[in-house]
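Asker: Structure incoming, see below.
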Amino acid sequence: MKDFVFHNPTKIVFGKGKISQIGEEVKSTSKRVLLVYGKGSIKRNGVYDQVTKSLKAQNIEFVELSGIKPNPVLSKVNEGINLAKEAHVDGIVAVGGGSVIDTSKTIAAGFYRDGDIWDAFIGKYKAKKSLPIYVVLTISATGSEMNGGAVITNEETKQKFSFWTEKSYPRVSILDPSVQGSLPPIQTANGASDIISHVFELYFDGTKNVQIMDEISEGIVRTVIDCTNALMKDPNDYDARANFVWSATLALNGINGTGRSGGDWSSHAIEHSLSALYDVAHGSGLAVIVPAWMRYVYRVDVEKFARFANTVFGIDETDQEKAAIVGIERLKSWYKSIGLPVSLSDLNIPSKDIDKIVENAAMRTPFGRLKKLQPSDVKEILKLCL
Ligand code: NZQ
Ligand code: ZN
């Protein structure tokens, strides 16, 4: 196990009916907030009413920034920064999933910057100050509710890049699993794919002797598979949803990375190119890339891939190479069974576009820890997605 520092400042309030506490939480730092949300699901499922009622009860004023789209964009962030400055807000309330939270984190950092906040994504600026952020989570996938990361697409340059700062952790995140019953099955499936991919990025980074972390990782993957299967039958199964929701947070709130080497993150890097170029949902893109990446690299750590096949899918095979391959195929079949795409053609991306995707990914290469990938490796992985 490697040395590490673990510090996570986000307070989690978890449970049914807890959204009514948002006003009281916000009151500790803020009187006038920017209320950020997406394209309308919160108006249809009652979450908007719960949030605004609670803010009003505490006399917290709010100005609204709505219409955040999945794969959120820089132009919307800039609109939000201008609005936040004009309205002199002193906090942000993000109501939604990763797209809304990441937009909010970027606005919160951009509020204190005169120059272009995109600089934070290309390593030219490190935010030292940020508006306080409060989250009401409505879709579990990214872990953004309890981490300091944000991912935004620059529409002009087709770069889907991320930044991370200690200042970007939400102060408080309210997780009410019952409000996720309104998610369409494909969004739950996308979430499942994203959650377990976060586990894979960390689990398969080549670090040895991290037994406690491996056990936690495998537990998260098994739990997410079981709960997703239950949610495909009944999206309102509260216990399945609650376990799914907390798994998502645990997968990327830092705990799961302790004692490891920082994670591999190649599948994410390649998927972000798919999202940047074709606007595909992050979880769907990952369901295509992850099994192909596994097929390309498993020989580097065949023992770990065989362990995964055994502990997650119960594959009892003494030949490690065979076990690894069967495990990867089982994962792919499971993605298919919950309605996820597993090939570029499932995403309507033609094979002739592979070079274009490689070119986009090459803005970040080399990446990967288990195996360092160059553009030529990315091309081979994409060929395995056909
Ligand atoms: O816009 P609305 O109408 O709200 O609809 C949303 C959206 O279409 C809908 N939705 C959310 N809650 C709902 C609901 N529909 C019905 N009932 C509800 N309760 O779900 C759709 C997807 O929302 P989005 O926020 O885009 O999903 P997700 O949480 O998966 O976020 C994805 C974004 O986060 C980034 C991804 O790349 C992607 O841009 N990531 C962020 C990370 C981070 N900050 O740590 C790490 C991840 O690896 C990831 O890259
Ligand atoms: Zn992800």
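Asker: What pairs come up if the first residue lies in region 263-285 and is under 20 Å from Tyr203 (Cα atoms), the second is aliphatic (A, V, I, L, M) and in a loop (DSSP other than H, G, I, E, B), and their beta carbons are under 7 Å apart, counting only those six or more places apart or on different chains?
Answerer: Hits for this filter: Asp264/Leu370; Gly283/Ala141.
Asker: Now a separate question. Hey, among Lys158, Lys105, which residue is among the charged types (D, E, K, R) and within 16 Å of ligand 2 (Cβ to nearest atom)? Break it down stepwise before answering.
Answerer: Numbers: Lys158 fails: within 16 Å of ligand 2 (Cβ to nearest atom).
Criteria check complete, one pass: Lys105.
Asker: In addition: Of all residues in region 307-359, count the ones that are among the hydrophobic types (A, V, I, L, M, F, W, C) and free of Cβ contacts under 8 Å to residues at least 24 places away in the same chain. Don't jump to the end; show me each part of the working.
Answerer: Filtering region 307-359 down to residues among the hydrophobic types (A, V, I, L, M, F, W, C) leaves 308-309, 312-313, 315, 323-326, 328, 331, 334, 338, 340, 342, 344, 347, 349, 354, 357-358.
With the extra rule that they be free of Cβ contacts under 8 Å to residues at least 24 places away in the same chain, the set shrinks to 309, 313, 315, 323, 326.
Within region 307-359, residues that are among the hydrophobic types (A, V, I, L, M, F, W, C) and free of Cβ contacts under 8 Å to residues at least 24 places away in the same chain number 5.
Asker: So which residues in region 254-283 are within 13 Å of ligand 2 (Cβ to nearest atom) and either over 30 Å from Glu359 (Cβ atoms) or of a type in the set (D, E, K, R) (or both), if there are any at all?
Answerer: Asn256, Asp264, Glu271
Asker: On the basis of being in contact with a strand residue (DSSP E or B) (Cβ under 7 Å, 6 or more places away or on another chain) and not assigned by TED's automatic domain parsing to the domain that holds Asn360, does Tyr112 make the cut? Please lay out each step first, then the result.
Answerer: On the way: in contact with a strand residue (DSSP E or B) (Cβ under 7 Å, 6 or more places away or on another chain): no; not assigned by TED's automatic domain parsing to the domain that holds Asn360: yes.
Spelling it out, it is not the case that Tyr112 is in contact with a strand residue (DSSP E or B) (Cβ under 7 Å, 6 or more places away or on another chain) and not assigned by TED's automatic domain parsing to the domain that holds Asn360.
Asker: Here is a follow-up. Just the residues that are closer than 23 Å to Thr10 by Cα, assigned to a loop (DSSP other than H, G, I, E, B) and in contact with a Ser or Thr (Cβ under 9 Å, 6 or more places away or on another chain), please, taken from region 23-67.
Answerer: Matches in region 23-67: Gly38, Ile60.
Asker: Follow-up. Determine whether Leu202 is farther than 19 Å from Asp239 by Cβ and away from ligand 1 (no atom under 11 Å from the Cβ). Quick ask: steps written out before the conclusion?
Answerer: Values: farther than 19 Å from Asp239 by Cβ: yes; away from ligand 1 (no atom under 11 Å from the Cβ): yes.
Yes, satisfied.
Each row is one residue, and each column tells you yes or no for (1) in a loop (DSSP other than H, G, I, E, B); (2) under 21 Å from Ser284 (Cβ atoms); (3) polar (S, T, N, Q).
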| site | (1), (2), (3) |
| --- | --- |
| Lys124 | yes, no, no |
| Lys128 | yes, no, no |
| Val136 | no, no, no |
| Ser140 | yes, yes, yes |
| Thr153 | no, yes, yes |
| Ala192 | no, yes, no |
| Asp205 | yes, no, no |
| Lys208 | yes, no, no |
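Asker: So, one more: What number of residues within region 170-188 are within 11 Å of ligand 1 (Cβ to nearest atom) and buried (at least 19 other Cβ atoms within 10 Å of the Cβ)?
Answerer: 8
Asker: I'm told Arg171 meets every condition in (1) in the same structural domain as Leu131 (by TED's automatic domain parsing); (2) closer than 21 Å to Arg307 by Cβ except one. Can you identify the failing condition by its number?
Answerer: (2)
Asker: Go through (1) within 8 Å of ligand 1 (Cβ to nearest atom); (2) in a loop (DSSP other than H, G, I, E, B) one by one and return the number of the condition Lys105 breaks.
Answerer: Result: Lys105 fails condition (2) only.
Asker: Identify the single condition in (1) farther than 18 Å from Leu183 by Cα; (2) buried (at least 22 other Cβ atoms within 10 Å of the Cβ); (3) among the β-branched types (Val, Ile, Thr) that Val63 does not satisfy, given that it satisfies every other one.
Answerer: (2)
Asker: Does region 86-93 include one or more residues that are outside the structural domain of Ala361 (by TED's automatic domain parsing), assigned to a strand (DSSP E or B), out of contact with any Asp or Glu (no Cβ under 7 Å at 6 or more places or on another chain) and not hydrophobic (A, V, I, L, M, F, W, C)?
Answerer: So the first thing to find is which residues in region 86-93 are outside the structural domain of Ala361 (by TED's automatic domain parsing), and the list is 86-93.
Cutting the leftovers down to assigned to a strand (DSSP E or B) gives us 91-93.
Applying the additional criterion that residues be out of contact with any Asp or Glu (no Cβ under 7 Å at 6 or more places or on another chain) yields 91-93.
Within this subset, residues satisfying the condition of being not hydrophobic (A, V, I, L, M, F, W, C) are 91.
Yes - at least one qualifying residue is present in region 86-93.
Asker: State which residue is nearest to Ser178 (Cα to Cα) when the search covers only region 108-148 and only residues that are β-branched (Val, Ile, Thr) and within 16 Å of ligand 2 (Cβ to nearest atom). Reasoning before the result, please.
Answerer: Narrowing region 108-148 to residues β-branched (Val, Ile, Thr): 117, 122, 133, 135-136, 138-139, 142.
Retained after the next criterion (residues that are within 16 Å of ligand 2 (Cβ to nearest atom)): 139, 142.
Values: Ile139: 11, Thr142: 18 Å.
Here the answer is Ile139.
Asker: Tell me, yes or no, whether region 36-48 has at least one residue that is surrounded by 17 or more Cβ atoms within 10 Å (Cβ to Cβ), within 12 Å of ligand 1 (Cβ to nearest atom) and free of Cβ contacts under 8 Å to residues at least 60 places away in the same chain. Explain how you work it out, then say what you get.
Answerer: In the first step, residues of region 36-48 are kept if they are surrounded by 17 or more Cβ atoms within 10 Å (Cβ to Cβ); the result is 36-38, 41-42, 45, 47-48.
Checking which are within 12 Å of ligand 1 (Cβ to nearest atom) leaves us with 36-38, 41-42, 45, 47-48.
Imposing the further condition that a residue be free of Cβ contacts under 8 Å to residues at least 60 places away in the same chain reduces the set to 48.
Yes, because at least one residue in region 36-48 is surrounded by 17 or more Cβ atoms within 10 Å (Cβ to Cβ), within 12 Å of ligand 1 (Cβ to nearest atom) and free of Cβ contacts under 8 Å to residues at least 60 places away in the same chain.
Asker: OK, next. Please go through region 104-124 and give me each residue that is under 18 Å from Ser162 (Cβ atoms) and surrounded by 18 or more Cβ atoms within 10 Å (Cβ to Cβ), ordered by number.
Answerer: Quick first cut of region 104-124, residues under 18 Å from Ser162 (Cβ atoms) only: 104-110, 113, 116-124.
Listed by number, the residues that qualify are Ser104, Lys105, Thr106, Ile107, Ala108, Ala109, Gly110, Ile117, Trp118, Ala120, Phe121.
The values are calculated or read from the model by the stated rules, or taken from the named source; none is laboratory data. As the structure is a computational prediction, the values presented were derived from the model and not from experiment. Glycine gets a Cβ as well: all are built from the backbone with ideal geometry, and neighbour counts include every protein chain shown.
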